[in-house]
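Working notes for the structure below.
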Amino acid sequence: MQIVVTVICKPKYSGSLRDIIISDLEKGRHELNVDLEKKPGRPNGWAKVSAEGLPGKLNISWEAAAKTLIVRAIAKRGNNPHELLGRFLSYLMQKRRHRISSILIRPS
């Protein structure tokens, strides 16, 4: 199962929301773990995020030109990534809601 979340950021903010999120998660305060990251600090990179005890992974990428964060929640073997995605969205709304213009959630 895969769910795609598109987070559109407000135009007045510059910089990568992905980099900010990864920096927060690496501090370990949000019960989410950064498993792998490609091109840290670069405009178009990605990261894989998981949570201990929850099925699935989040693939997070940043589209700099569109100021859009794309999150793919993926789970295998009949598991659902709903709890993991819920934890991530909770973090996003709690800590980064001032940067967000809209959020679109759709199954893929």
Taking GLY86 as the residue in question, decide whether it is out of contact with any Pro (no Cβ under 9 Å at 6 or more places or on another chain) and either in a loop (DSSP other than H, G, I, E, B) or β-branched (Val, Ile, Thr) (or both).
no
Hey, among the residues in the range 53-67 that are among the small types (Gly, Ala, Ser) and closer than 18 Å to GLU31 by Cα, which one's surrounded by the fewest Cβ atoms within 10 Å (Cβ to Cβ)?
GLY53
Is it the case that LEU104 is in contact (Cβ under 8 Å) with a residue 24 or more places away in the chain and either among the acidic types (Asp, Glu) or surrounded by fewer than 19 Cβ atoms within 10 Å (Cβ to Cβ) (or both)?
yes
Scan the strands (runs of 3 or more DSSP E) fully inside the range 1-64 and keep the ones with 3 or more residues being in contact with an Asp or Glu (Cβ under 6 Å, 6 or more places away or on another chain).
46-50
Residue under question is GLU26, and the condition is that it be surrounded by fewer than 17 Cβ atoms within 10 Å (Cβ to Cβ), touching a Leu at 6+ places or on another chain (Cβ under 9 Å) and among the acidic types (Asp, Glu); does it hold?
no
Among all residue pairs at least 6 apart or on different chains, which show Cβ distances below 8 Å where the first residue, located in the range 68-96, is over 19 Å from GLY28 (Cβ atoms) and the second is part of a loop (DSSP other than H, G, I, E, B) and among the polar types (S, T, N, Q)?
ARG72/SER108
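Only the coordinates and a few stated rules stand behind these numbers; no lab work does. Just so it is clear, the model here is predicted, and its values are computed rather than measured. Neighbour counts are summed over all protein chains in view; Cβ atoms, including those assigned to glycine, are modelled from backbone coordinates with ideal geometry.
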